[in-house]
Structures are given as C-alpha cells and as structure tokens.
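The values are calculated or read from the model by the stated rules, or taken from the named source; none is laboratory data. None of the values given here were measured: they were computed from a predicted structure. We place every Cβ from the backbone using ideal geometry, glycine too, and count neighbours over all the protein chains shown. Heavy atoms of the whole protein, side chains included, go into the accessibility calculation; ligands, DNA and RNA do not. Shrake-Rupley method; radii C 1.70, N 1.55, O 1.52, S 1.80 Å.
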Amino acid sequence: MGMTLSQKILAEHAGLKEVKAGQLINAKIDLALANDITAPVAIKEFKKTGFNKVADGEKIAFVMDHFAPNKDIKSAGQCKICREFANEQNIDNFFDVGKMGIEHALLPEQGLVGAGDLIIGADSHTCTYGALGAFSTGVGSTDMCAAMMSGECWFKVPSAIKFVLRGKPAKFICGKDIILHIIGLIGVDGALYKSMEFTGDGIKHLSVDDRFTICNMAIEAGAKNGIFPVDEIALEYMNNRFKREVKIHEADADAEYEKILEIDLSNLKPTVAFPHLPENTKTEWSETAIDQVIIGSCTNGRISDLRIAAEILRGRKVAKNVRAIIIPATNEIYLQAIREGLAEVFINAGAVISTPTCGPCLGGHMGILAENERAVSTTNRNFVGRMGHFSSEIYLASPYVAAASAVTGKLTSPEDLL
C-alpha cells in the first residue's frame, strides 16, 4: 500500500523507505518553534537536563507574540527568559517587539518554513504550514525541549482523511468558511490524530492565505496536521522567500485513507461557529447583538484578510456600542496596510489598530470580554471563557462576516449590506 503526502515527508525525515499509520518513528526536524508562553517551560526543562548547548540554533525559532508587547510583570519575565536563552545559545530566529509578529504568519513570511519540511511547534496551531506542503504539528513544551537538545522528535505516524475540494467559491466565501464548514461536518474530534489532506480541482481557486487558514484550524477537528499539495500558487509564494530547498512530495495513487469526503465549494455560504465549539456551525441566524469584533490572529490576520475588512468598512462606520479591533499579524502586513490606505479606512470607520499580537484570541490582552459580552471574531476557538469572562460568547467567522457585523452591530452576512 502506498503512502499519503504526510507519510512521505515523515518517512524521508526518519530515513525510512516507508512508514505506516500507527508506526512510531524518530525523525529529524527542520524547525522547532515556541513562543513566550511555551518556550520558558522548554528552557526550564532544558536546563534541568544538564545540557548546555542546543543541537542546532538555526533550527530553533522563538516568537514573542502571545502577551507581547508585555502586558504585565509576569509576561515581561517570560519574554526575558526567552531573550536571555536566545542570546546565550545564539538563536538568531528570535522575534521580539519591533521584529515580532504572530508566529504562524511571521515564519512563512520570513521564509523559515516551506515545502517538504518537518516542523514542530510548542503551539497547537503549528499545523498552519501544511498550506505550503510541509508536515507541521503542535507538540508539548517537553517535546520542544527534546528537539532543542537532539534536533529530532518522535512521532506516531497518522492515518489520513482526504478532502476533495471541487468547484469555485462564490463571492464572500473564503478559507474560513471552508474550514468551518468541514469542522461542522465532521466535528471537533472528526479527524482525531489524523492527517487532513486537501486535494481536488477547487484548490486552484484558493489563495495561499486561504490555505493557511484551512490548515491552521485542522487542529480544531482534532487533526495531527492539515496539508495541501504543492502547486504553482504555493511555489510562487515561496519563490525568493523560502530559505531552504523546496522538496515536493506527492501522495501515492494507492495511498490508504480512512475516509474520502467531497466538498463542493460553489455551494458554500458564509458560515459562523456559534458558542462554544467550532463545530457548532450555522449559515442562517436570527438577530444577535454583539459588543466587539476582532479581525486578526494566526487564522485571519494576513493582508488579504485586512483587504476584505477594508472592502466592507470603506465608507461605513462601526456601529454605536461596538468595539472593532484590527490586528495585523506581522509588522510587514501592518506596513502594507498603511501603504494601501487600509489603516486609514479602519480608523475612519471607527476601528482601532493593534500592534501584531495574539492578544485577545486566548484571553491575553487588547480586547478582553466582560460578563455576558459577545464578540464576532476571526480567531480559531470559541471555548467557554476563551476571550475573557466565562459568561461571554465568541462567534467565529470570516473577515467578511466580522466586518459586516461591526457595521450593523449584530451578526451579519456581508450579502445583507449589498
């Protein structure tokens, strides 16, 4: 039996001719990343082992993005631990205030992840990089520590589900709607410890940013990773950017999949995940008043997302009693938004723009919800208390829906503004 795309990458990095689902392997990694929450734990464990030198500083990245710029004394201390260790170990891929961004937007932008890579990250949304044909997955801080020491990590080879994407999405439909539709279809445990492999003629209609969004939320279906094949769109993104050799793998024709699901993209409608799980999706809803809109995060804080938000907000105003917060995912995206006049659109509409940060996504800062408040957000999780008070509610949506909702003050499809 042949191998899936993910299994091909794992086999190569393990130095094996083939691997099978369920097999335990050790494999060499191309990059291990952590942030201001998870890196200090890994660093503490590293020092407890007695090791005094990382295996390869060039294959480690620390990104200060969750509570940075530091929101309090504790977060300042977390970043200080990372900063001192990075200096001590000559870790060049250290991204702090002024150079930072949300890790899963920043690392592709910086050319540190790409096709054929095996990447681990002490952050569950590391699965984002599958958009470029990499096997990338989240791990715990202790596995991050082991990778820093050895340059390797252990893996249980996942089985796979194939999602065949057909057709062309309609206006106002983007990657967020696609992945929310899929999670609503299979559930938050529908791909538990499996690869979500996306194929089909519909892929050609998806931008790299759409693919980043889809792979980013693979973990919300319980998946080990999400992955797209490498095509001209992915190659164009990596050209003159990716710092290593592009390695293109393809699934074997006789690869084994636990399930094959076909999705007609042309039939999809704007989709929202209601509280308190990403699987609680709806395409029709009654009037739902909101207090806040967040457009940003590692899921939807890229330049295409900001362009979508500006398309809706241009010439309009944020509704009274609604707080609209725009968070560019990196400084380069922030600069591009300024160059294109998007920042002016947001400010004229009555929104505010934050420095790049994960911020409110995990209840960090820059937009915490009070008791019984509701937010429409382009983030990836809407668990109880995720963005603030345990009685608050989060409605996950695309930038189209989020921006439209900011204008009306209630959950709104962009089509309703036409």
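Within region 1-15, the set of residues being in contact with a Ser or Thr (Cβ under 9 Å, 6 or more places away or on another chain) and assigned to a helix (DSSP H, G or I) comprises 5, 6, 7.
Here is a yes/no grid of residues against (1) farther than 20 Å from residue 298 by Cα; (2) in contact with a Pro (Cβ under 9 Å, 6 or more places away or on another chain); (3) among the hydroxyl-bearing types (Ser, Thr, Tyr):
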{"position": "310", "(1), (2), (3)": "no, no, no"}
{"position": "316", "(1), (2), (3)": "yes, no, no"}
{"position": "347", "(1), (2), (3)": "yes, no, no"}
{"position": "353", "(1), (2), (3)": "no, yes, no"}
{"position": "359", "(1), (2), (3)": "no, no, no"}
{"position": "370", "(1), (2), (3)": "yes, no, no"}
{"position": "375", "(1), (2), (3)": "no, yes, no"}
{"position": "389", "(1), (2), (3)": "yes, no, no"}
{"position": "403", "(1), (2), (3)": "no, yes, no"}
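Put simply, of 172, 163 the only residue that is crowded, with 19+ Cβ neighbours inside 10 Å, aromatic (Phe, Trp, Tyr) and over 23 Å from residue 309 (Cβ atoms) is 163. Report every pair of residues separated by at least 6 positions or lying on different chains whose Cβ atoms are under 7 Å apart, first residue within region 268-286 and open to solvent by 60 Å² or more (accessible area, probe 1.4 Å), second among the aromatic types (Phe, Trp, Tyr). Pairs that qualify, where the first residue is open to solvent by 60 Å² or more (accessible area, probe 1.4 Å) and the partner is among the aromatic types (Phe, Trp, Tyr), are 276/383; 282/274. Listed by position, the strands (runs of 3 or more DSSP E) enclosed by region 16-121 that each have at least 1 residues that are open to solvent by 60 Å² or more (accessible area, probe 1.4 Å) are 24-28. When you check residue 252 against the structure, is it buried (at least 17 other Cβ atoms within 10 Å of the Cβ) and either at pLDDT 95 or above or part of a loop (DSSP other than H, G, I, E, B) (or both), yes or no? So residue 252 does not fit the description; no.
Kindly evaluate residue 187 against the criterion of being of a type outside the set (S, T, N, Q), within 19 Å of the chain's Cα centre (by Cα), surrounded by fewer than 20 Cβ atoms within 10 Å (Cβ to Cβ) and modelled with pLDDT of 95 or more. Answer is yes for this residue.
Return the residues of region 122-141 that are crowded, with 24+ Cβ neighbours inside 10 Å and in a helix (DSSP H, G or I); say none if nothing qualifies. Passing the criteria: 125, 126, 127, 128, 129, 130, 131, 132.
Annotation note: Cβ proximity below 9 Å between a residue of region 229-248 that is within 19 Å of residue 8 (Cβ to Cβ) and of a type outside the set (A, V, I, L, M, F, W, C) and a residue that is in a loop (DSSP other than H, G, I, E, B) and open to solvent by 80 Å² or more (accessible area, probe 1.4 Å) (sequence gap 6+ or interchain) occurs for 229/248; 229/250. If you go through region 209-233 and pick out every residue that is in a loop (DSSP other than H, G, I, E, B) and under 19 Å from residue 383 (Cα atoms), you end up with 2. Those helices (runs of 4 or more DSSP H) of region 318-418 in which at least 1 residues are more than 24 Å from residue 67 (Cβ to Cβ), without any contact (Cβ under 8 Å) to a residue 12 or more places away in the chain and open to solvent by 10 Å² or more (accessible area, probe 1.4 Å), considering only elements entirely within it, cover 331-339, 342-349. Against the test of being of a type in the set (A, V, I, L, M, F, W, C) and open to solvent by 50 Å² or more (accessible area, probe 1.4 Å), the options 235, 206 yield a single qualifying residue, 235. Among the residues of region 20-43, is there at least one that is under 24 Å from residue 5 (Cβ atoms) and in contact with a Pro (Cβ under 7 Å, 6 or more places away or on another chain)? Within region 20-43, one or more residues are under 24 Å from residue 5 (Cβ atoms) and in contact with a Pro (Cβ under 7 Å, 6 or more places away or on another chain).
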